[in-house]
Amino acid sequence: MSTTGKVTIDDINAGFGDLHKPYNKSQALLEASRCTYCFDAPCIKACPTGIDIPTFIHQIRTQNVKGAAKTILSENIMGGTCARACPTEVLCERACVRHHDQGKPVEIGLLQRFAVDHLLDSSEEHPFVRASDTGKNIAVVGAGPAGLSCAHRAALLGHKITVFEAKPKPGGLNEYGLAAYKMVDDFAQKEVDFLLGIGGIEIIYEQYLGQNLSLEKLRSEFDAVFLGIGLGLCNQLGLESENLSGVYDAIDFIEQLRQTNDKSTLSVGQNVVVIGGGNTAIDAAIQAKRLGAKNVTLAYRRGEDNMTATDWEIDLARKNGVDVRLWLSPIELSGEAHVSSITFEQTTIEAGRLIGTGIHEKIETDMVLKAVGQKLNASVLSDIVIEGGKIKINDKYQTSIPGVYAGGDCIDTGEDLTVQSVEDGKRAAHAMGHTLFGIEFKEV
């Protein structure tokens, strides 16, 4: 890999500044005034966590910002991260009625960030208080959005929680997997610190399920177990020279960026090729460009309508100078020890199937980032039923093993999003209370 070359430290620092500038008080009040406080508001239905959006916006408008934050966090304890990284443009903001009469939705995400940040920056008393101790102990595997959400809600209900995390820091993808310009100023850890402020939650690090952590032992020592293990393995291209130097999983590239304070110390290829069509691919491509790559090509094997990245993210990539190439499938990596080129076959749809056309195209490259999806590490889940590559659960988030629950990206709820993982963890905590402890089940 070559260094960042002509890009200055100031350029890099600017490139990794806050993607969305937060509202000040005047801006928040003005934007909040645009909300019509709908009855049976469609934005609430569009939010996977069911935040009462019109109410929290009304609270901002009446300058009850702490109340607005509590309204948000009561349903989504990671409302700060979701305000920064959630695809609001295809969820709550798309459903906003202001689309119809003004052609522009209320900026729900920025208002949510304004309220939550205000509370987290204050020294006021923690807004949540634990219920009386139930005497029950719950193990949570994974300190990502699903696991931490489950831990917080279960602690709120009065249970004692022990979280087992493989990484040295909590947060999961919020800490390791989101683009650095979406999560500035170490916000992921600030949010975790707030979440843990409720008490009753302990996190133990460097715990690996299937290695130094046994599901069987957890079941014997705890009243219930929640699995929020995400998708720990990266899909590969299946090409012969995939082990060439300069070929990386995009998620590892993003993690390195997130864990490096001085981005100017990092190196990047001058001709970077990113393979994939999701938000991870977009994040990797944009950050490679902002680090100083001369050319960044994002190649996807289908058309733009099939990309899982949102239109907003794809447009952001293009605005950052990323060359988005469609209908290209990688077939060969070339190079002696280090990758020097990648060959694609042009693709098309025929009779509803993706096929190669036989037309090849070579792109010179010194860095390839693979973002072709992640998958469950099922090898650590003996005796748990896996269906469609995800942990199978029932309507109470129970797996095939009694007392073991699951949520987040490791189950199939349709959306691999932080906001959905938070909802899964919250619902699973209530389901545990109902099924195991006789606590009234709350449909949240």
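The values are calculated or read from the model by the stated rules, or taken from the named source; none is laboratory data. All of these numbers come straight from a predicted model, not from anything done at the bench. Backbone-built Cβ (ideal geometry, glycine too); neighbour counts: all protein chains shown. Please note that ligands, DNA and RNA were not included when accessible areas were found on the heavy atoms of the full protein model with its side chains. Shrake-Rupley method; radii C 1.70, N 1.55, O 1.52, S 1.80 Å.
One table, with the values for the structure above:
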| quantity | calculated |
| --- | --- |
| Summed side-chain charge close to residue 314 - residues other than residue 314 whose Cβ falls under 11 Å, Lys, Arg +1, Asp, Glu -1 | -3 |
| For region 173-238 and region 94-167, distance of Cα centres in Å | 15 Å |
| Chymotrypsin sites (Phe, Trp or Tyr not before Pro) lying in DSSP loop within region 188-287, provided at most 16 other Cβ fall within 10 Å | 205, 208 |
| Leading residue at positive end of dipole, the chain (Cβ point charges), from 226, 306, 432 | 432 |
| Cα→Cβ-extended label distance, 7 Å offset, between residue 104 and residue 396, nm | 4.9 nm |
| Share of alpha-carbon pairs per 10 Å distance bin for region 121-269, given as whole % | 10, 33, 31, 18, 7, 1 |
| Where Rh is the Kirkwood radius over Cα pairs, Rg/Rh for region 336-403 | 1.22 |
| Computed label-point distance, nm, for sites residue 434 and residue 304 using a 7 Å Cα→Cβ extension | 4.4 nm |
| For the chain, accessible area per residue (1.4 Å probe, heavy atoms of protein chains only), Å² | 44 Å² |
| P(r) of region 232-381 over all Cα-Cα pairs, binned every 5 Å from zero, in whole percent | 2, 10, 19, 22, 22, 15, 7, 3, 1, 0, 0 |
| Taking the convex hull of Cα positions in region 264-341, its mean projected area over all directions (nm²) | 5.4 nm² |
| Counting all C-alpha pairs of region 139-205, share separated by more than 20 Å (%) | 22 percent |
| Straight-distance crosslink candidates among lysines, where the alpha carbon sits under 19 Å from residue 167 and sequence neighbours closer than 8 are dropped | 190, 375 |
| Measure of compaction for region 46-172 (Cα Rg per 2.2 N^0.38 Å) | 1.18 |
| CD proxy at 222 nm, helix term only [per DSSP H run n ≥ 4: -39500 (n - 2.57); per residue of the chain; nearest 500] | -10000 deg cm²/dmol |
| Loop-resident sites, region 363-444, for chymotrypsin sites (Phe, Trp or Tyr not before Pro), counting at most 15 other Cβ within 10 Å (DSSP) | 441 |
| The chain - Kirkwood radius from inverse mean 1/r over Cα pairs (Å) | 23.1 Å |
| Tensor-based shape of region 1-118 (alpha-carbon gyration tensor, a/c under 1.5 rounded, otherwise prolate or oblate) | prolate |
| Unsatisfied cross-links (Cα-Cα over 18 Å) in the set 45/390; 294/319; 160/390; 370/390; 45/182 | 45/390; 160/390; 370/390; 45/182 |
| Overall dimensions of region 184-295 as given by Cα atoms, namely Rg and Dmax in Å | 18.8, 55 |
| In region 91-179, GluC sites (Glu not before Pro) in a DSSP loop with at most 14 other beta-carbon atoms within 10 Å | 124, 125 |
| Karplus (6.51, -1.76, 1.60) ³J(HN,Hα), θ = phi - 60°, over region 189-196, in Hz, Gly and Pro reported as x | 6, 4, 5, 4, 4, 5, 4, 6 |
| Separation of alpha-carbon centers, region 329-393 and region 49-85, rounded to whole Å | 39 Å |
| Positive dipole terminus of region 28-173, leading residue within 135, 36, 82 (C-beta point charges) | 135 |
| Calculated P(r) tail over 12 Å for region 15-65, as whole % of Cα pairs | 67 percent |
| Distance between modelled label sites at residue 37 and residue 212, nm, 7 Å Cα→Cβ extension | 5.5 nm |
| Within region 80-112, backbone nitrogen closer than 12 Å to the virtual label 7 Å beyond the Cα of residue 18 toward Cβ | 84, 110-111 |
| Relative contact order for the chain, counting Cα pairs under 8 Å that sit 6 or more residues apart, in percent | 18 percent |
| Peptide ranges 38-46, 113-121, 71-79 listed from the most packed, as the mean C-beta count within 10 angstrom indicates | 71-79, 113-121, 38-46 |
| Surface share of carbon and sulfur [accessible, 1.4 angstrom probe, percent] for the chain | 46 percent |
| Helix 145-156 axis, angle to the chain major axis (alpha carbon atoms, nearest 10°) | 10 degrees |
